[in-house]
Amino acid sequence: MAKRKTDRNQPEIPSEEPPSPLKRVIAVDSIRDGLEETASFTPAELEEIKTLQDLQSLDRFGFVYTLNRVSGGGVTLKGKLTADATQTCVVSLDPVPASLEIPVEADYLPQSAIERWQAELDEETLSDPLAEWPEPIQGGKIDIGPLIYESFATALDPYPRKEGANLDWEPEQGDEPEESAKENPFSILERLKR
């Protein structure tokens, strides 16, 4: 389990996020601003994504992106993830095709810049679970693999349903709930009101 450090005075806390199946480490010094790049993935990586996301198939998975260095030692990423996958219908267990085109954007900053930035934020923003946070540059490198995987995982339908699939259930004879012989408690209150 990965660990993260909250501050110097507190112990390390286990992170709830499992490690990403994708790792694409890029040295910030090697970035050629504005050059379009294409990430390629091994069959083993695609198989792991398929397994982790419980997909029937993952037929296409690509990521095209550009990186630009910005002042303060930061990096911005803009890209597009494309994928064709087959999920399983939660009702009928039939295949459900999913074709995704996901715009992806992220900012990367040195850890010291992130800490200065966080010090300027108010408590409400700091505690907002949906706030967009920059990713840290660690050792002069960024890892875009987790961003690619998380973008894909969050874009998938968590409850895929085949068109027209319904959960039609009718109780069989004798399955109907028995009418309660008890008096409705609200009818007692109604009598007290009179």
May I ask you to compute the full-extension gain from Thr66 to Ala113, defined as 0.36 nm times their residue separation minus their alpha-carbon distance, rounded to one decimal in nm? 14.7 nm
Counting C-alpha atoms alone, how compact is segment 20-122: give Rg to one decimal and Dmax as a whole number, in angstrom. 17.6, 53
For peptides 91-98, 31-38, 143-150, sequence by mean Cβ density within 10 Å, most packed first: 143-150, 91-98, 31-38
Taking only the Cα positions of segment 96-155, the convex hull volume per residue in Å³ is 96 Å³
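Bear in mind that the values in this text are calculations on the coordinates, not laboratory data. In this text, all values refer to a predicted model and were calculated from it rather than measured experimentally. Cβ coordinates were reconstructed from backbone atoms using ideal geometry, including for glycine residues, and neighbour counts include every protein chain displayed.
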